[in-house]
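Have a look at the structure below before the remarks.
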């Protein structure tokens with residue numbers, strides 16, 4: 001009995017040490033702390049774990065080249081466990097206890113909305129790396145993902161073009177929460193402006209984690225019988241896997257009914273047999289398959305980091321758009337701090353606007369001087385049998401974000417932002 | 001790059017009359033046209049529309065050369081260099097038209113990009129080529145592709161096929177394809193024939209195609225209008241029957257998944273009375289066992305990898321059963337008759353198992369490929385495809401059900417299990433080793449959950465938290481069916497499956513889920529014992 005108790009004691013002790021986790025490094029005064037706020041467990045772990053990894057890699061890279069203002073960066077990683085209120089709690093902890101200079105984090109819009117009051121109250125600084133629905137512009141947040149006009153609208157324009165298949169009818173399919181509903185509201189208004197009528201638009205939502213897409217695929221077929229149809233998918237998280245499996249098995253090919261997705265990238269397709277999905281599309285601002293020296297270096301660096309740090313399945317890791325946006329965001333923050341010569345939040349916010357960085361997408365991205373969003377290129381890719389994307393359309397130049405979509409009523413006065 | 005493109009555009013413009021002339025020629029005569037330079041140049045045209053037309057024309061000419069060109073374009077090996085269309089293979093450049101080797105470096109070739117539009121044209125071209133193949137299956141598939149995509153260019157191919165084709169099934173499909181093209185004919189008699197022929201179709205898309213023929217403004221001939229109305233009515237009837245069959249099938253498929261998820265619970269909760277919150281994690285263990293078996297097959301028996309699922313069935317059963325034995329021996333046996341404690345303890349175990357899977361396999365979902373014999377589907381009618389993986393799982397559910405029924409009703413162990421659950425003390429008195437029976441029964445329940453996991457791995461996501469999504473559904477099935485009854489679980493699972501599929505078609509997934517839950521609450525209020533109630537003296541326990 002005694003030994004068993006000792007064993008248990010040892011076990012709990014080691015577990016609690018593990019739980020205290022990563023900020024175990026020496027608490028030297030000459031470091032700058034940065035917070036990383038991504039779910040490492042729960043439903044969103046699938047997507048967000050890779051963002052934590054790439055953030056740690058970027059911090060390591062910056063430290064290797066001398067740090068910021070002569071100080072090393074020290075990452076404080078917390079796990080909000082896909083639990084929206086916990087996001088707020090953890091960010092409060094980062095800002096008040098750990099006193100981090102900046103936080104990189106969040107994926108879902110609902111998690112971002114739940115941390116906003118904390119960042120406003122404590123005057124923190126958040127870099128948000130994922131494409132989203134817009135309708136927001138906070139002083140304390142920089143958005144390094146795409147706004148609707150940098151992803152959703154160009155994608156639908158492409159589908160309507162002759163090259164994209166000349167779609168006349170649109171099946172808008174999404175997970176039931178704020179991002180898909182807002183995006184589809186914008187798309188519906190946009191399609192109206194292009195002369196598409198309501199009878200040619202179908203809007204369908206499924207709950208989070210939905211896994212039986214039989215009826216939906218049958219309905220898509222039914223709808224597609226009425227004319228050239230494209231599906232616009234804002235399904236989020238791991239529901240995408242059964243959705244695409246069902247598509248493949250039901251024989252709905254991209255040549256007949258193309259599906260363009262806004263939340264499916266290389267990482268999400270790792271769990272899917274992509275051979276039947278050849279030709280389905282995704283719209284992003286970066287693809288792993290883009291060929292340029294920055295991207296090659298970025299991918300090599302991440303692969304090496306994953307191997308060195310024992311990431312599971314390190315030999316097959318991929319990079320994707322939100323990872324690139326995280327990488328760009330951290331570098332822009334570093335440049336802004338060096339320009340401001342301080343980590344003081346107000347001074348850094350002043351300095352971030354106008355920063356530019358040569359990104360792995362092959363473009364030099366600039367942070368807008370006023371609207372806290374990046375100017376980004378739009379890329380549309382078709383799925384290849386190996387799970388990567390072939391770029392079939394792209395903008396020549398990065399385009400400026402419109403966080404307040406002109407297709408939503410009441411935003412007319414905000415277009416100058 | 002840009003200069004070259006505009007050069008190409010000009011050149012293409014110059015070639016356009018040639019191309020049109022060629023197409024007319026090809027359409028006019030049924031004789032096989034030779035693959036000529038103008039068509040080939042069209043493949044490299046800057047304008048996508050021209051390129052598509054050229055691809056279909058190449059397919060329609062037929063022959064080995066055309067096949068090689070189409071294959072090269074599909075593989076991304078076709079390109080343009082110095083004003084001609086070339087094929088690049090293994091770094092060597094050959095002329096596409098003649099097949100002669102050229103003195104060019106591969107880097108000087110602009111390869112032709114393939115996108116969905118090109119891919120569709122390639123499918124048509126391939127089908128046109130395959131229509132003359134010696135294999136029946138290939139000809140049939142080709143005819144089906146053309147039925148949905150035929151255009152003017154392939155009409156001569158279709159007519160050639162109608163002359164030479166001897167298989168009636170294929171002829172029928174080819175006739176539909178030809179009818180689709182002839183819809184645009186100027187001759188009302190031809191149109192009438194086409195419209196009438198299309199009445200044999202069961203594709204809702206054809207209905208859309210026929211609708212303009214109802215309108216006197218676009219269709220002057222009254223006979224054609226009447227025929228179109230009759231054809232549309234025939235198609236509608238066929239489509240609606242096929243759709244209802246499709247919906248019932250998807251309901252049965254959902255029901256079979258619910259049943260596989262719940263059958264293990266029907267034993268551990270239904271028969272033994274343990275509220276096992278870790279039931280979902282036993283499913284997860286079965287699914288991960290399938291994943292490990294797949295890995296073993298890929299590493300050691302790559303030629304048999306298609307059959308890994310069969311090997312995964314026993315692996316999933318024993319892996320989950322082993323965990324079940326450990327759970328029962330170390331925790332649950334101290335908690336019999338204390339439902340609240342066992343609920344908390346098993347919930348704790350479920351968290352431990354989830355975290356263990358996360359540590360062992362990582363937080364990401366793992367990929368399980370459907371074997372080729374479970375991919376794709378059986379086409380019942382145009383637009384209604386029953387996927388093989390769902391058909392196989394439906395059969396598997398019946399098999400597992402049979403196994404469980406035999407075990408419970410035809411074996412000594414099954415009799416002991418029933419005896420112990422009905423009256424533990426009395427069973428003990430007559431010499432039934434109650435403790436061992438408990439362990440075995442729980443292990444079998446867990447093993448069946450593992451089997452469910454193997455089936456789920458073919459259809460749903462496999463990740464550490466996958467079980468959480470099934471625990472509520474499983475309890476729903478068992479409670480609705482009536483605790484302690486296998487037959488109840490079957491009726492409840494199939495009923496829930498079909499009802500929710502019909503509701504979903506009518507009201508959408510979110511509302512359907514809510515309605516099903518409301519229905520179950522109302523039902524349990526009225527009839528707390530479930531569909532099938534236990535009868536007799538032990539019913540109160």
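Observations, loosely collected:
- Between residue A:228 and residue B:89, the modelled labels are 3.4 nm apart [label points 7 Å from Cα along Cα→Cβ].
- Given R0 = 22 Å, the distance between the Cβ atoms of residue B:410 and residue B:336 translates into a calculated FRET efficiency of 0.25.
- Label-to-label distance, nm, for residues given as residue B:318 and residue A:341 (7 Å Cα→Cβ offset): 7.2
- Prolate/oblate/rounded label for region B:304-388 (Cα gyration tensor, a/c 1.5): prolate
- Fewest-first ranking of A:384, B:147, using other Cβ atoms within 10 Å as the exposure measure: A:384, B:147
- Whole-Å semi-axes of the protein assembly as shown's equivalent ellipsoid (Cα gyration tensor): 50, 42, 26
- Linear extension gain, residue B:137 paired with residue B:298, 0.36 nm per residue minus alpha-carbon span: 55.0 nm
- Here the peptides B:37-47, B:71-81, B:99-109 are ranked by packing, the mean other Cβ count within 10 Å, and the order with the highest first is B:37-47, B:71-81, B:99-109.
- Paramagnetic label reach from residue B:166 (point 7 Å along Cα→Cβ; backbone nitrogen cut-off under 18 Å): within region B:115-150, residues B:131-140.
- Remark: B:375, B:201 ranked as B:375, B:201, counting other beta-carbon atoms within 10 Å and listing the fewest first.
- Here chain A carries DSSP beta bridges of which approximately 30% are antiparallel, counting only pairs with both residues inside.
- Over all distinct Cα-Cα pairs of chain A, the Kirkwood formula returns a hydrodynamic radius of 22.2 Å.
- Cα gyration tensor, region A:299-417 - rounded (a/c under 1.5), prolate or oblate: oblate
- Per-residue shielding of B:106-118, expressed as the average number of other chain Cβ atoms within 10 Å of the residue Cβ, stands at 4.
- With 0.36 nm allotted per residue and the present C-alpha distance subtracted, the residue B:159-residue B:101 stretch has 17.3 nm of extension available.
- Max mean-square fluctuation residue, GNM over chain A, Cα-Cα springs under 10 Å, options A:222, A:71, A:168: A:222
- The mean number of Cβ atoms from other chains found within 10 Å of a Cβ in peptide A:244-255 is 6, as a whole number.
- Take each residue in A:194-205, count the other chain C-beta atoms within 10 Å of its C-beta, and the mean is 1.
- Fluctuation leader among A:228, A:301, A:194 - chain A, Gaussian network, Cα springs under 10 angstrom: A:194
- Förster radius 60 Å - calculated FRET efficiency between residue B:435 and residue A:194, Cβ distance, rounded to 0.05: 0.25
- C-alpha long axis of helix B:308-330 to longest principal axis of chain B, angle in °: 30
- B:284, A:44 arranged by Cβ crowding within 10 Å, fewest neighbours leading: A:44, B:284
- GNM top mover of A:343, A:96, A:319 - chain A, alpha-carbon springs below 10 Å: A:96
- Chain B: C-alpha gyration tensor shape, a/c 1.5 cut-off, then a/b vs b/c: prolate
- Stretchable slack from residue B:310 to residue B:372, in nm (0.36 nm times residue separation minus alpha-carbon distance): 21.0 nm
- Projected label points at residue B:403 and residue B:514, each 7 Å from Cα along the beta carbon direction, are separated by 4.0 nanometres.
- Region B:242-540 - Rg and Dmax from Cα coordinates, angstrom: 19.3, 64
No value in this document is a laboratory result; all are computed from the given coordinates. Since the model is a prediction, treat every value here as computed from it, not as a measurement. Here the Cβ is made from the backbone with ideal geometry for all residues, glycine too, and neighbour counts use every protein chain on show.
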